[in-house]
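A short worksheet on the structure shown next.
The values are calculated or read from the model by the stated rules, or taken from the named source; none is laboratory data. Quick caveat, the model's predicted, so the values are computed rather than measured. Cβ atoms come from the backbone with ideal geometry, glycine included; neighbour counts cover every protein chain shown.
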Amino acid sequence: MIRTLALGALFAVTTSASAQMGYSGAAMRTILKKGDFSALQDQTSVLLVYDYSDMTVGKFTEENYVNKKRDEYNKKESGRGDTWAGKWVGARTELYEPKFEELLNDRLASGKSALKAGKDKTDAKYVIKVHTTETEPGYNVGVSRVPGYITAVMTLYEASAPDNVLGEVEIERAPAQGAMGFDFDAGGRIAEGYAKMGKEFGTWLTKKDWGRKHK
């Protein structure tokens with residue numbers, strides 16, 4: 001009995017630890033690639049645009065991943081794969097982007113910033129492009145669970161000069177899993193990845209002085 005409890009405790013600790021890591025076991029990292037985001041410091045709004053081009057899903061290109069899953073599901077039940085493919089894309093606007101914006105704005109407010117970010121800020125002077133480059137959906141089948149992750153690059157530019165990049169930051173392996181272990185749906189796991197990424201980005205902006213490098 002004692003040995004069973006000890007093993008259960010060890011499993012819980014291991015699961016909890018893995019929940020803080022990406023699928024590969026690497027922790028989330030935020031890396032300033034270029035410039036800074038100080039242009040946003042005195043702004044009250046910034047437009048968010050989302051880009052999923054050239055994204056990998058697991059070890060596949062997104063196109064190959066979607067085709068593979070569609071075919072698998074359609075073989076099991078006619079039309080099921082087509083429905084799944086539609087939901088795969090639809091989840092972006094229904095789940096992922098709202099989660100990212102909600103947590104980003106929450107963290108900006110917590111950092112005492114007046115800045116509000118969103119797809120509806122079409123009159124904003126500046127734009128942040130959120131380019132998702134990697135999605136690892138992970139899996140949860142009850143007896144076995146591996147969290148996924150999201151990697152994305154945030155690029156800041158002036159709306160009138162999109163080719164002039166002012167700042168670029170990459171968030172690597174934002175953990176994509178629910179906190180309580182009931183994240184059996186891939187869409188739900190991925191949505192949590194976007195939530196964590198929004199939280200991390202908002203915290204980074206305000207805590208790191210908008211990415212400025214000081215001598």
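Among the conditions (1) out of contact with any Phe, Trp or Tyr (no Cβ under 8 Å at 6 or more places or on another chain); (2) in a helix (DSSP H, G or I); (3) more than 27 Å from Tyr157 (Cα to Cα), Val66 misses just one, which is (1).
Residues are listed down the side, and each one gets a yes or a no for (1) at pLDDT below 95; (2) among the aromatic types (Phe, Trp, Tyr):
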| position | (1), (2) |
| --- | --- |
| Ala174 | no, no |
| Met180 | yes, no |
| Gly188 | yes, no |
| Gly202 | no, no |
| Trp210 | no, yes |
| His214 | yes, no |
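Being crowded, with 17+ Cβ neighbours inside 10 Å, charged (D, E, K, R) and over 15 Å from Ile190 (Cβ atoms), is that true of even one residue in the range 69-90? Taking every residue of the range 69-90 in turn, at least one turns out to be crowded, with 17+ Cβ neighbours inside 10 Å, charged (D, E, K, R) and over 15 Å from Ile190 (Cβ atoms). In the range 194-215, the residues that are among the basic types (Lys, Arg) form Cβ pairs under 7 Å with partners that are crowded, with 22+ Cβ neighbours inside 10 Å, at six or more places apart or across chains, as follows: Lys196/Ala174; Lys196/Pro175. Yes or no: the range 113-127 includes at least one residue that is crowded, with 16+ Cβ neighbours inside 10 Å, among the charged types (D, E, K, R), outside any helix (DSSP H, G or I) and touching a residue at least 60 places away in the same chain (Cβ under 8 Å). Yes, the conditions are met somewhere in the range 113-127. Screening Pro98 on (1) more than 24 Å from Ala27 (Cβ to Cβ); (2) part of a strand (DSSP E or B) shows it passes everything except condition (2). Consider the range 141-154 and keep the residues that are crowded, with 21+ Cβ neighbours inside 10 Å and over 16 Å from Asp54 (Cα atoms). The one that is modelled with the highest pLDDT is Tyr149. One residue stands out in the range 33-79 among those that are among the β-branched types (Val, Ile, Thr) and touching a Leu at 6+ places or on another chain (Cβ under 9 Å): the one that is farthest from Val169 (Cα to Cα), namely Thr44. Sub-6 Å Cβ pairs linking a first residue in the range 48-76 that is within 25 Å of Leu104 (Cα to Cα) and among the aromatic types (Phe, Trp, Tyr) to a second residue that is surrounded by 17 or more Cβ atoms within 10 Å (Cβ to Cβ) and modelled with pLDDT of 95 or more, at least 6 apart or interchain, are Tyr50/Glu97; Tyr50/Val130; Tyr52/Thr132, ordered by first then second residue.
When we screen Ala19, Ala26 for residues that are within 20 Å of Pro137 (Cβ to Cβ), at pLDDT 50 or above and not hydroxyl-bearing (Ser, Thr, Tyr), the only hit is Ala26.
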